[in-house]
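Here's the structure, in structure tokens; my notes come after.
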Amino acid sequence: MAQSQPFSLDNHDVVIIGAGAAGLMCAIEAGRRGRRVLILDHAQKPAEKIRISGGGRCNFTNIHTHPEAFLSQNPRFCISALKRFTPAQFIERVERHKIGWHEKTLGQLFCDDSSSRIISMLLDDCKAAGVTLRLATPVKSIEKSADGFRLATHNSTIHTAQLVIATGGKSIPKMGATAFGYEIAEQFGHTIIPTRAGLVPFTFDDKMRAEMKTLAGISVDARLTCKKTEFSEGLLFTHRGLSGPSILQISSYWREGTALRVNLLPHVDTVTALKDMKNKHGRVTLANCLAEWLPKRLAMQITARFGSDRKLADISKDDMTALAAAINDWTVIPQGTEGYRTAEVTLGGVDTDGLSSQTMESKHCPGLYFIGEVVDVTGHLGGYNFQWAWASGHAAGHAV
């Protein structure tokens, strides 16, 4: 499908820059409407983020998709596109291509096999819709012309009536992520909501990293709170800091210097549990007591300042309260995050005030569209961002 030789590109109705989830979906919909569609991408392969997603099985949507699961300066912007292309509609396409899938926790849907099945589905649908794909083709410049847009690549000048920017955000630069989409948006008069890494692990400073080094690899179910936002999922201690689903979720709401509250036993009232254990088994050590509820290394770490070998019978009421707080209300201030290097998404992006929520078309430059991650719409972990890619691509594909 990809073409390597130079060819004439003068008369395309639609050019889409970006061969990821949103770009491929837009191309399929536009191609099915009889539009002559060309996709350009600077990468050697299409849809690399789809390939690595979900541990290689692609968490392609979430059946509980709802607008409240998305962050944006305008929380209502995503509603129209999400209503007009739902998880059920994408599932229908997956099943039409005979791709097996299963649901994990919290409505997350994954392929039974490799994520490459989703990529093949999208590429097959593009081919059937007459879409042309050209990879390894960076766009050098874009200019407005009298009847559309003129694009320059390393070996071609391309004319198109309509132009769609589906270039994603800054996350995972080793896969080719750049700020290209934001630069084009600014060129045509759009405001960019400041960007930052989202769905990303936290890092500790040197002192805390040294204190926590023995915990690397330990995972527990935890409740994370950042101001008024709360998530209850797995938490993983790493060599650098904290990761796991609950951490990735809360990271999108965290700002530098903000404290996190961590409940390592969200379903246990630890004060009450300790009192009961003290009454029944007063000779048990603190470390062995906590090891009934938490991984042993974590139990040792928490009880160290109270005396891990201290007997429950010897612990004071105040120490018991402090120990319980260290478990049910651990307060930690991360040094920062791992940044775009490992972030699953980019928060911020093209200001939605400059776009139509119905079509994704620019209000400043008719014929120009922005879809997917480049827009200031970011979903929670668990398939939401793919659903936004499908929905926004579908909306633009029916408008171009």
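The values are calculated or read from the model by the stated rules, or taken from the named source; none is laboratory data. On a predicted model such as this, the values are computed, not experimentally measured, just so you know. Every residue, glycine as well, gets a Cβ built from its backbone with ideal geometry; the counts of neighbours run over all protein chains shown. Areas reflect the complete protein model, heavy atoms only, side chains present, ligands, DNA and RNA absent. Shrake-Rupley method; radii C 1.70, N 1.55, O 1.52, S 1.80 Å.
Here are the numbers:
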{"item": "Boolean, Asn279 is without any contact (Cβ under 8 Å) to a residue 12 or more places away in the chain, more than 32 Å from the chain's Cα centre (by Cα) and buried (at least 16 other Cβ atoms within 10 Å of the Cβ)", "result": "no"}
{"item": "Meets criteria (under 24 Å from Ser171 (Cα atoms) and either buried (at least 17 other Cβ atoms within 10 Å of the Cβ) or at pLDDT 95 or above (or both)) for Gln108", "result": "yes"}
{"item": "Residue list for region 144-181, restricted to those being among the aliphatic types (A, V, I, L, M) and assigned to a strand (DSSP E or B)", "result": "Leu151, Ala152, Ile158, Ala161, Leu163, Val164, Ile165"}
{"item": "Qualifying strands (runs of 3 or more DSSP E) (wholly inside region 326-372; at least 1 residues being open to solvent by 50 Å² or more (accessible area, probe 1.4 Å))", "result": "330-332"}
{"item": "Output for region 37-64, where each listed residue is farther than 20 Å from Gly23 by Cβ and not in a strand (DSSP E or B)", "result": "Gly55, Gly56, Arg57, Ile63, His64"}
{"item": "Flag if Thr191 is closer than 20 Å to Gly348 by Cα and either surrounded by fewer than 19 Cβ atoms within 10 Å (Cβ to Cβ) or of a type in the set (D, E, K, R) (or both)", "result": "yes"}
{"item": "Every residue from region 236-248 that is under 17 Å from the mean Cα position of the chain (by Cα) and surrounded by fewer than 23 Cβ atoms within 10 Å (Cβ to Cβ)", "result": "Ser243, Gly244"}
{"item": "Boolean, Ala27 is out of contact with any Leu (no Cβ under 9 Å at 6 or more places or on another chain) and open to solvent by less than 10 Å² (accessible area, probe 1.4 Å)", "result": "no"}
{"item": "Filter result for the condition that a residue is farther than 15 Å from Pro201 by Cα, at pLDDT 95 or above and open to solvent by less than 30 Å² (accessible area, probe 1.4 Å), over Asn263, Asn288", "result": "Asn263"}
{"item": "Residue match in region 75-89 (condition: open to solvent by 30 Å² or more (accessible area, probe 1.4 Å) and either of a type in the set (Gly, Ala, Ser) or out of contact with any helix residue (DSSP H, G or I) (no Cβ under 9 Å at 6 or more places or on another chain) (or both))", "result": "yes"}
{"item": "Cross-chain or 6+ apart pairs with Cβ under 9 Å, region 91-115 first and assigned to a helix (DSSP H, G or I), then surrounded by fewer than 18 Cβ atoms within 10 Å (Cβ to Cβ)", "result": "Ile91/Ile63; Val94/Gly100; Leu106/His64; Gly107/Ile63; Gly107/His64"}
